[in-house]
Amino acid sequence: YIPFVAILCYSGRTAKWNSRQTVSIRRSYRDYFFIILAYLPLMVMACFRSENVGNDNAIYINFFYHVQEELAVSTFSIDTRFEPGFVIYNKILATLFDSPQELLFTSSFFILASVIRAITKYSRSVWLSVFIFFCINFNATMVTMRQYIAIAILLFAFDYIIQRKLKKF
């Protein structure tokens, strides 16, 4: 699907690079059109997947229910092996939503949105970057949620590394 969409969007396209040859790249409407066409099915698959997809999702769903039960008792000291940021993330989602599907939806949306942003901002070949991401990492984003949330946060912090603002990073 991704190569087909790339051929559809980029047929007859010549490369146009930024004149300064910096990290930031000027995008054409074809790049944005390709990103929408390529990532829309990936977003739908990842955000609306079943709770049974992936090895770790059952653990994340059970933890979401555990956090909801703890919120009902007004206890905020959950003893767990999960990272404190992930526990806080689950507490926020548990207060806002009743369904653990929202955990899968928001996590997948955040992960894929950060990848889309990074590819759009830093890749010279958008279609190739999307294809490589899909072939190598897409399935893992639906299984190892905590690690890919951490990667997504780092992708947003990457701007500060390039700008050499290490304190903000």
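The residue that is farthest from Ile2 (Cα to Cα), counting only those in region 24-40 that are among the small types (Gly, Ala, Ser) and at pLDDT below 80, is Ser24. Considering only residues that are closer than 23 Å to Leu8 by Cβ, of a type outside the set (A, V, I, L, M), more than 10 Å from the chain's Cα centre (by Cα) and open to solvent by less than 50 Å² (accessible area, probe 1.4 Å), which ones fall in region 129-166? Those that are closer than 23 Å to Leu8 by Cβ, of a type outside the set (A, V, I, L, M), more than 10 Å from the chain's Cα centre (by Cα) and open to solvent by less than 50 Å² (accessible area, probe 1.4 Å): Ser129, Phe133.
Name the single residue that is nearest to the chain's Cα centre (by Cα) among those in region 112-128 being open to solvent by less than 40 Å² (accessible area, probe 1.4 Å) and within 20 Å of Ala150 (Cα to Cα). Among them, the one singled out is Leu112.
Residues in region 151-169 that are without any contact (Cβ under 8 Å) to a residue 12 or more places away in the chain and either within 20 Å of Leu103 (Cβ to Cβ) or hydroxyl-bearing (Ser, Thr, Tyr) (or both): Tyr160 alone. For region 114-146, the set of residues classified as over 20 Å from Tyr29 (Cβ atoms), part of a loop (DSSP other than H, G, I, E, B) and at pLDDT 85 or above consists of Asn137, Thr144, listed by residue number. Hey, can you tell me all the residues within region 39-57 that are part of a helix (DSSP H, G or I) and under 15 Å from Ala140 (Cα atoms)? Passing the criteria: Leu42, Met43, Met45, Ala46, Cys47, Asn57. For the residues Ser99, Ser125, the requirement of being within 30 Å of Cys9 (Cα to Cα) and of a type in the set (S, T, N, Q) singles out Ser125.
Got at least one residue in region 50-62 being surrounded by 15 or more Cβ atoms within 10 Å (Cβ to Cβ), under 14 Å from the mean Cα position of the chain (by Cα) and at pLDDT 85 or above?
Narrowing region 50-62 to residues surrounded by 15 or more Cβ atoms within 10 Å (Cβ to Cβ): 51, 54, 57, 60-61.
Still in the running and under 14 Å from the mean Cα position of the chain (by Cα): none.
Within region 50-62, not a single residue is surrounded by 15 or more Cβ atoms within 10 Å (Cβ to Cβ), under 14 Å from the mean Cα position of the chain (by Cα) and at pLDDT 85 or above.
The values are calculated or read from the model by the stated rules, or taken from the named source; none is laboratory data. If you're wondering where the values come from, they're calculated on a predicted model, not measured in any experiment. Every residue, glycine among them, receives a Cβ derived from its backbone with ideal geometry; neighbour counts consider all protein chains shown. Keep in mind that these areas ignore ligands, DNA and RNA; they rest on the heavy atoms of the full protein, side chains included. Shrake-Rupley method; radii C 1.70, N 1.55, O 1.52, S 1.80 Å.
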